[in-house]
Every structure is written in structure tokens, then in C-alpha cells.
1. Which order do A:93, A:251, A:135, A:242 take by accessible area at a 1.4 Å probe, largest first?
2. May I ask you to rank B:51, A:16 by accessible area, largest first, using a 1.4 Å probe over the protein chains only?
3. For residue B:73 and residue A:190, what does the FRET efficiency come to when R0 = 45 Å and r is the distance between their Cβ atoms, rounded to the nearest 0.05?
4. On the full set of protein chains, 1.4 Å probe, figure out the accessible area of residue B:56 and give it in Å² to the nearest 10.
5. Suppose R0 equals 25 Å; then what is the FRET efficiency for residue B:61 and residue A:31 from their Cβ-Cβ distance, rounded to the nearest 0.05?
6. In the neighborhood of residue B:63, defined by Cβ-to-Cβ distances under 11 Å, what is the net charge if each Lys or Arg adds +1 and each Asp or Glu adds -1?
7. Calculate the mean, over all residues of peptide B:53-63, of how many other protein chain Cβ atoms lie within 10 angstrom of the residue's Cβ.
8. Run the simple label-point estimate for residue A:126 and residue A:100 please: 7 Å along Cα→C-beta, distance reported in nm.
Amino acid sequence: MIMKNMITWQNNRYLLLGSGLVTAGFTFALFAWLMTNYVPFIVLGLACMIIGIVSLALNHTLKKVPFDASLLLIESSFDTINAIVEELSVTSKAMYLPRSVTDGPLRTLIPIQNDAFDSTLPEHLEQRLIVQFGKNPEDIGILLAAPGAALLEIDKIENYLSTELATALSSIIVGTFDLATAVDVQRDGSFIQIMIKNSTLSRGDEFSHSILGSPMASITATITAQALNQPISIDREEVQGKGHKITLQTKDA
Amino acid sequence: MKTYDQYIISLTSVFMATIVVLTFFNQTKLDLYLSILIGEYMIITILFTNLQPSSRRALNSVSAVFFVGFLALLAVNSIGILLQPETI
């Protein structure tokens, strides 16, 4: 019951704030005009109305999934992948693929052998768990749903992916999911350095993180792969104070 | 803190500061207050680059309405000045 009330409040708070401010502001401005005719009081009421109108305009853009549920989605997807990669004793780094390669949902390819990663990827990969991605017989990998991909299916994320990479990352990570306070992107050849400031995602030290990267790096790589329409791997990541520096590497499909 | 909360708080702070400062200087022109508030609203909306495209579209619609209001204020003032009898 309390949880339901919390979600209702979260989903309607801009509506409540907006309605309250517009009503209170209008009443205050009207009384100030009729009783005192003191301009600063009238303006105070009108300013409340402006903020109220802005809150009402923002109301319909609230995300439908609460923040805690978003975190739960990400962590549960990591748990599943962790179990699979531990069972198969995979040690090579994952590659995040755009939709154009997978012909469907966002996927991550985990090569079973380390040295198989330099192979040229085919234009399209089959929708199977075990896939052959190169010409050599040992070029076999596991094709899994990218961690956090479920999150990116929500809220018409595709609209943001058509914009510039920095804008797409900032809109999704900061604007939509509130996972950080700022995102800074710098490109250097095939490397992309992304600084995530004040990330709210945990940086646990699970085995799967050495393959997929941390949850934040994984989400960043998933978005980048789709935004650039190129396969992406996480080169390295480090924590610098409140910043989380992620270096991605692009690979031509 | 959510970006949208920061946006609302920024608007509120700037509006409050503007009203206090203009009151301190004994300004009593309603159109001056409103013009400054509308200008500040537009500047702050542009400065928040992290907003979702859907939010930005909604805020741009509100900006358009406020801009029309600003133009109306400007027109009323201009007409008032033009219709003033000459005092030579």
C-alpha cells in the first residue's frame, strides 16, 4: 500500500506541484491586484503560475518505470549473464552490437576464445545463443541480451539515439534514467573516452564485470553501439574521485 | 537530484532573486517584471541540455506561448507610446 502510494506520488508529483502553483499563484495575484495593487506581489503570483505551467508541461514526460525498478532490471540482467559466463569459463571481453548486426534486440557477443576477437564480424548474426561470428571454426561466441538493453526499450529511447553521441548519452543517462549528473564525451580515433559524473550505479566486483564491464560501462557501451551503429568493446574503465572514466573502442562491422 | 527538479529549483531561485532585486529598486512596471521573467525562463530552458527531447518539445511550446505574451506586452507598450499626446 505504501509502495503503491509512493509510485503514485512519483508519477504525479509534477502534476500536483503544477496544479497547486497555478491555483495558488492565480489566487495570490488576483488578491494582490484587487486588495493592494502592489506590483511585486502580483508578479510573485504570476511567477508561481509560470513555474506551475512548466511543471504541468513536464508532467507527461515522467518515465513510467520507477528508478529503483530500473536499477533492479539492470542488476538482474547482470546476475543472469554472470551465471552463464562463470559456467562456461569465458574470459574474453564482450562486444556490444548495434541492431543492424543482430537484426533485432540489442545484443552483446562474448567470444569463447580470446584470440577470436580480431575477426571481421559478419553484417548479420543469427539470433541464437551460440553463434559463429568469423570464418575460423574457433570463432564462436555467446550472443546474449545486452545488460540494460531492456531499459533502452523503454520510453522511446530510439528517438535520442538518432542524435549526436554526447547528446544521446546525456539524454538517456542523465535526462531519462537519472543515473548520473553529467556525461562528457571525447573521441580519439577509434577510442571514445566517456566521463560519467556522480554515477548512482554500484561498481561491484563481480566476475562478469571483467568481461562485460561495470553496469554503467555496459549501459554506455550499449547506447554507443546503437548510436554509432558500430560494434563497441569496453577497453578500460577507472574511477577518478566522483567520476567514472570509461574508454570504449569502436570496431568496424 | 533529478535534472527536472534542478530545473524547477533554478527557475524558482532566479525568479525570486529577480523579484527581490527589482522590488529593492522600487520598480512598479508589471510589463518590465514579466519581460525579464519570460527572458529568464527561455535562457534557463536553453541551458538545461540534458532534458529529454519530449520534455524539450513541451517546454518549447510553453516558451512559444510566453513569447507571444511578451510580444503582446511589447505591442501594448508601443501603442501606448505612439498614442501619447505630444507635450511640446
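The values are calculated or read from the model by the stated rules, or taken from the named source; none is laboratory data. Just so you know, these numbers come straight off a predicted model, no measurement behind them. So basically every Cβ, Gly included, is an ideal-geometry build from the backbone, and we count neighbours across all protein chains shown. Heavy atoms of the whole protein, side chains included, go into the accessibility calculation; ligands, DNA and RNA do not. Shrake-Rupley method; radii C 1.70, N 1.55, O 1.52, S 1.80 Å.
1. A:135, A:242, A:93, A:251
2. Final ranking, largest accessible area leading: A:16, B:51.
3. On the way: r = 54 Å, r/R0 = 1.20.
Computed FRET efficiency for residue B:73 and residue A:190: 0.25.
4. In the full protein context, residue B:56 sits at about 60 Å².
5. For R0 = 25 Å, the calculated efficiency reads 0.25.
6. +2
7. Values: counts 10, 9, 9, 3, 2, 7, 4, 1, 1, 6, 2.
Other-chain Cβ atoms within 10 Å of each residue's Cβ, averaged: 5.
8. Taking the simple label geometry, residue A:126 and residue A:100 are separated by 2.4 nm.
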